[in-house]
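Here's the structure, in structure tokens; my notes come after.
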Amino acid sequence: MTYTTWVEVTRVDGNEVSVAQDMVVKESPITLYLNDKEFTTLICSPVYLKELAVGFLCSEGILQKREDLKDISVNETAGLIWVETQNPSPAGQTFLKRYITTCCGRGGALFYFLAHNFSFYAKFFRVRVFCSF
């Protein structure tokens, strides 16, 4: 599987505008389940998913030591990660279902909001998505 693709881009340099081909990284939605409960969806390059999940859970304070992690499994084709921890999942207690993109983390409330009200906001945006599933 290739993780990059070529797309047409418009470049602006001062008063000059040109169209060119440029390489971009492909990204996919990856849903992380924590103790059998949906925890978050990350928009990311679909590689090193175990490492991504562990690093993300460490940065969120869910995993604080190696012993906190009981098991981890990945289904790359479906874009799913299951993590089992020693401690109960805080998903229902302290977190909203979030979409974590490459451009933001905890500050990504806009994506949570847009995901659930997209039809209203779609008229304000022109979005081109380059995903391969």
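The values are calculated or read from the model by the stated rules, or taken from the named source; none is laboratory data. Remember, it's a predicted structure, so these values are computed and weren't measured experimentally. Counting neighbours? That spans all protein chains shown, and the Cβs are built from the backbone with ideal geometry, glycine included.
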The one condition in (1) free of Cβ contacts under 8 Å to residues at least 60 places away in the same chain; (2) surrounded by 17 or more Cβ atoms within 10 Å (Cβ to Cβ) that THR40 fails to fulfil: (1)
Test for LEU32: is it modelled with pLDDT of 90 or more, touching a helix residue (DSSP H, G or I) at 6+ places or on another chain (Cβ under 9 Å) and in a strand (DSSP E or B): yes
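Looking only at residues that are in contact (Cβ under 8 Å) with a residue 60 or more places away in the chain and not in a strand (DSSP E or B) in region 1-29, which one is surrounded by the fewest Cβ atoms within 10 Å (Cβ to Cβ)? Even if it seems obvious, please write down each step before you answer.
Filtering region 1-29 for residues in contact (Cβ under 8 Å) with a residue 60 or more places away in the chain gives 5, 7, 24, 26-29.
Within this subset, residues satisfying the condition of being not in a strand (DSSP E or B) are 26-27.
On the way: LYS26: 14, GLU27: 18.
Looking at residues that are in contact (Cβ under 8 Å) with a residue 60 or more places away in the chain and not in a strand (DSSP E or B), I get LYS26.
Given the residues THR40, THR101, which is the only one that is at pLDDT 60 or above and closer than 29 Å to VAL7 by Cα?
Values: THR101 fails: at pLDDT 60 or above.
On inspection, the qualifying residue turns out to be THR40.
Out of LYS123, LYS50, LYS70, report the one residue that is loosely packed, with under 12 Cβ neighbours inside 10 Å, modelled with pLDDT of 90 or more and not in a loop (DSSP other than H, G, I, E, B).
None of the other options fit; the residue is LYS70.
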Residues of region 60-79 classified as touching a residue at least 12 places away in the same chain (Cβ under 8 Å) and either touching a Pro at 6+ places or on another chain (Cβ under 9 Å) or of a type outside the set (Asp, Glu) (or both), total: 8
